[in-house]
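Please treat every number below as a calculation from the coordinates, not as lab data. On a predicted model such as this, the values are computed, not experimentally measured, just so you know. Heads up, the Cβs are rebuilt from the backbone with ideal geometry, glycines too, and the neighbour counts pull from every protein chain shown.
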Amino acid sequence: MAKLADLRKKNLELAKKAVRQSVSPDLFIINAANNIDELQKIINTLSKRLREWYSLYFPGLDKKIADHEVFVKLVLKEDKKALQKELKLADEMGFDFEKKDIEPILSMASIIADMGRESKLLEDYLEKTMKSYCPNLATLAGAGIGAKLLCEAGSLKRLAMMRSSTIQLLGAEKALFRHIKTGAKPPKYGYLLQHQLVQRAKPKDRGKAARAVADKIFLAVRVDYFKGKFIADKLLQELEVRFK
């Protein structure tokens with residue numbers, strides 16, 4: 001019985017150790033990035049609903065302010081008359097809301113603002129974690145794009161084992177399946193379309209730019225995974241010179 005109890009204790013200790021070792025920065029990054037995406041979707045949806053609701057009271061603000069974050073801040077900052085004066089908007093059509101009708105609108109705006117602050121906190125956390133865990137990827141691709149690539153791959157190890165052509169198309173799976181199924185035009189990029197160098201390139205050259213960026217990310221990720229030196233500044237400079 002004593003031997004059986006010792007064996008059980010040993011197995012339990014090994015199981016606990018395995019669980020602890022299975023929790024890596026990959027999971028922190030993946031969860032943070034997924035939560036940022038979900039928060040942004042909710043913020044965008046609620047902001048559209050807020051605009052529709054507030055436009056019954058003050059339609060001019062929706063026409064004047066396109067940015068959701070600025071719109072929410074203005075709704076919370078001033079009342080209708082103060083906003084009309086500040087933004088130089090003429091008195092216009094709109095229902096006269098009583099205080100009880102305005103309060104739920106302001107409450108909704110406050111919730112959206114809170115979620116925006118939470119999203120920014122997660123973005124800061126994600127950037128710090130990315131720079132600590134995979135500094136070359138974070139610097140070369142940016143924390144946001146780098147995290148999306150890592151999420152799509154499932155881990156830094158899997159991303160490091162991928163070819164540059166596969167990295168180039170991460171995030172373009174739907175377009176790739178459509179190409180295979182229907183013969184539609186094949187995709188040239190996925191998440192890398194958001195990269196500053198790809199954005200700066202002419203539309204006809206964006207596929208070429210995405211391929212070059214993917215090649216450098218391929219090198220950066222492998223260096224990060226095998227704990228090599230910081231080379232992202234050199235890789236980024238080479239890209240800047242090439243697409244100057």
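Structural remarks
- Using the alpha-carbon positions of the chain, Rg (one decimal) and Dmax (whole number) come out as 24.7, 87 Å.
- For Met162, Met115, order by how many other beta-carbon atoms lie within 10 Å, fewest first: Met115, Met162
- Rounded to 10°, Cα long-axis angle of helix 2-22 versus longest principal axis of the chain: 50
- ³J(HN,Hα), Karplus 6.51/-1.76/1.60, whole Hz, each residue of segment 100-112, x for Gly, Pro: 5, 8, 7, 4, x, 5, 5, 5, 5, 4, 5, 5, 4
- Shape of segment 24-133, Cα gyration tensor, a/c cut at 1.5: prolate
- A Förster radius of 30 Å combined with the Cβ-Cβ distance from Lys120 to Ser165 puts the calculated FRET efficiency at roughly 0.30.
- Dipole of segment 24-133 computed with +1 at Lys/Arg Cβ and -1 at Asp/Glu Cβ about the Cα centre; of Ser110, Ala66, Thr45, farthest Cα towards the positive end is Ala66.
- For the chain, the relative contact order works out to 19 percent when only alpha carbon pairs closer than 8 Å and six or more residues apart are counted.
- Hz values of 3J(HN,Hα) by residue in segment 229-235 - Karplus curve (6.51, -1.76, 1.60), Gly and Pro given as x: 6, 7, 10, 4, 4, 5, 4
- Set of aspartates and glutamates near Lys80 by C-alpha distance (under 13 Å), chain-local residues within fewer than 8 positions excluded: Asp62, Asp91, Glu92, Asp96, Glu98
- Of the chymotrypsin sites (Phe, Trp or Tyr not before Pro) in segment 153-221, those whose Cβ has at most 16 other Cβ within 10 Å and which sit in DSSP loop: none
- Look at where the Cα atoms of segment 120-187 and of segment 210-244 average out, and the two centres are 14 Å apart.
- Cα shape, segment 136-244, gyration tensor, a/c 1.5 rule: oblate
- For segment 182-190, the Karplus equation 6.51 cos²θ - 1.76 cosθ + 1.60, evaluated at θ = phi - 60°, returns couplings of 10, x, 5, 4, x, x, 10, 6, x Hz by residue, with Gly and Pro reported as x.
- Trypsin sites (Lys or Arg not before Pro) lying in DSSP loop within segment 26-131, provided at most 12 other Cβ fall within 10 Å: Lys88
- Computed from label points 7 Å out along Cα-Cβ, the spacing between Val241 and Lys204 is 2.7 nm.
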